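First up is the structure itself, then whatever we jot down about it.
The values are calculated or read from the model by the stated rules, or taken from the named source; none is laboratory data. Remember, predicted model here, so these are calculated numbers, not experimental data. FYI the Cβ positions are ideal-geometry reconstructions off the backbone, even for glycines, and counts take in every protein chain you see. Note: accessible area is taken over every heavy atom of the protein model, side chains too, but ligands, DNA and RNA are not part of it. Shrake-Rupley method; radii C 1.70, N 1.55, O 1.52, S 1.80 Å.
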Amino acid sequence: MTVSMIGLDTAKLVFQVHGVDEGGKAQLVRKLRRSELIAFFERQPRCTVVMEACGAAHHWARVLGGLGHEVKLIASEAVRPFVKRGKKNDATDAAAICAAACHPDARFVAVKSAAQQGILVLHSARTLLVKQQTMVANAMRSLATEFGIVVPKGSSKLEELQKLVEADPDCPEGAQAAFAGLMHQYRAAAERICSLESEIVSHARRDDTARRLATVPGIGPITASLMAATVGAGIESFSSARHFASWLGLVPRQHSTGGKTRLGRITKAGNREIRRLLVLGATSMAYRSERWKGAAGAWTRALLERRPFRLVTVALANKMARIAWALMTRHEVYQAKGGGAAANAAA
């Protein structure tokens with residue numbers, strides 16, 4: 001029995017192994033406990049191990065790669081069509097991974113290093129805290145409205161809102177205490193966010209790829225750091241700038257048939273956080289397009305004259321993603337065309 005490829009379906013405690021030979025015929029089907037996995041692959045002759053790029057796949061890829069195996073990660077959506085309809089279980093999932101990896105058009109995900117994942121943890125923690133901070137702020141405004149207390153928009157107005165609540169004689173002491181607790185939680189989240197952002201900015205200044213990306217108008221240190229940590233050396237897996245923009249979900253959906261092309265809204269596939277940050281950066285640059293020198297600024301102004309603002313921001317985010325692909329592929333910095341260097345005011 002010669003196993004050339006193993007499809008590994010990972011989980012928290014139970015792992016399913018599906019091994020095939022050069023002809024794609026199943027030679028090994030086995031279920032392993034978590035404690036048995038490393039010992040099994042230590043005994044297994046060196047081969048190609050394929051996993052879905054989800055969960056702890058990057059961790060196991062580093063572990064199994066250290067044992068001498070060639071490890072490949074494949075996107076979950078590429079595996080899904082190969083799962084037998086009506087027979088989804090761990091065994092069929094592992095077999096589908098092998099089938100997807102053997103397909104001639106199969107594309108694989110670059111394995112992230114522990115350092116890359118460490119930076120991504122900072123970004124994930126920051127995103128979570130920003131969401132919680134927004135929820136707390138909305139709750140504070142909503143609860144204050146119950147007593148007829150409102151203040152203008154903006155996080156800077158929350159301190160004023162707390163003072164008004166404390167000074168309101170109609171607001172019970174219990175409600176005031178709960179409101180003070182929410183304010184304390186808001187301040188703690190703000191402090192932690194600032195601390196995380198400092199670490200992220202520090203990474204953006206140290207990393208060569210992030211520094212190059214930060215030269216693009218609309219891409220600041222947080223976006224640059226996230227893109228560098230997420231993609232990094234794996235940018236070579238994207239064959240073109242359009243492929244990269246498509247991976248980020250910044251291209252329109254297609255529903256075409258009979259030679260008639262129908263385009264819809266963007267697919268929103270791929271990395272949601274990078275796409276969100278690119279759109280935010282593009283929105284900032286679109287608002288100040290009148291002061292944006294160069295060909296990109298002129299392109300944005302011309303598009304704003306005939307298209308809705310939100311459509312322009314998404315189109316600009318697509319252009320920024322394509323520029324980022326070029327900079328990472330060619331190891332260059334952004335050079336503005338048609339005028340002076342564009343100020344990266346959206347950082």
| If only Cα atoms are counted, what is the Rg of region 47-199, and what is its Dmax, in Å? | 24.9, 74
| request: For region 215-347, report the accessible area per residue in Å² (1.4 Å probe, heavy atoms, rounded to an integer). | output: 53
| How big is the charge dipole of region 238-346 about its Cα centre, in debye rounded to the nearest 20, if each Lys and Arg gets +1 on its Cβ and each Asp and Glu gets -1 on its Cβ? | 380
| query | Do any trypsin sites (Lys or Arg not before Pro) in region 101-159 lie in a DSSP loop with no more than 10 other beta carbon atoms within 10 Å, and if so, which? | reply | LYS153
| message | So if I take the centroid of the Cα atoms in region 273-287 and the same for region 191-230, what is the distance between those two points in Å? | response | 15
| field | Length-normalised contact order for the chain - Cα pairs under 8 Å, 6+ apart - percent | value | 12
| Per-residue HN-Hα couplings for region 194-201 [Karplus 6.51, -1.76, 1.60; θ = phi - 60°; Hz; x = Gly/Pro] | 4, 5, 5, 5, 4, 5, 5, 4
| said: Please check: in the Gaussian network model of the chain (C-alpha springs, under 10 Å), which one of LEU158, LEU213, LEU67 has the largest mean-square fluctuation. | reply: LEU158
| field | Karplus-derived HN-Hα couplings along region 123-136 (A = 6.51, B = -1.76, C = 1.60, θ = phi - 60°), whole Hz, x at Gly and Pro | value | 5, 5, 5, 4, 4, 4, 5, 5, 5, 5, 4, 5, 4, 5
| Per-residue ellipticity at 222 nm for the chain, helices alone: DSSP H runs ≥ 4 residues times -39500 (n - 2.57), over residue total, nearest 500 deg cm²/dmol? | -17000 deg cm²/dmol
| task | Between LYS268 and ALA167, take the C-beta separation as r, use R0 = 41 Å, and let me know the FRET efficiency to the nearest 0.05. | result | 0.35
| field | Low-density loop cleavage sites - GluC sites (Glu not before Pro) in region 1-66, where at most 11 other Cβ are within 10 Å (DSSP) | value | GLU22
| In the Gaussian network model of the chain, springs joining C-alpha atoms below 10 Å, which of VAL49, VAL165, VAL130 carries the largest mean-square fluctuation? | VAL165
| message | Computing the accessible area with a 1.4 Å probe over protein heavy atoms, can you report the carbon and sulfur percentage for the chain? | response | 53
| task | Please give, to one decimal in nm, the separation of the simple spin-label points placed at ARG301 and VAL29, each 7 Å out from Cα toward the Cβ. | result | 6.7
| request: Compare LYS88, LYS31, LYS72 in a GNM of the chain, Cα atoms joined below 10 Å, and give the one with the largest fluctuation. | output: LYS88
| query | Can you pull the percent of Cα pairs in region 105-145 with separation above 11 Å? | reply | 72
| said: Please compute the length gained on full extension between LYS293 and ARG330, using 0.36 nm multiplied by the number of residues separating them and subtracting their Cα-Cα distance. | reply: 10.9 nm
| Among [x] 213; [y] 181; [z] 152, the entry that matches volume of the Cα convex hull per residue in Å³ as calculated here | [x]
| message | If you fit an axis through the alpha-carbon atoms of helix 158-167 and take the longest principal axis of the Cα set of the chain, what angle between them do you get, 0 to 90°, nearest 10? | response | 60
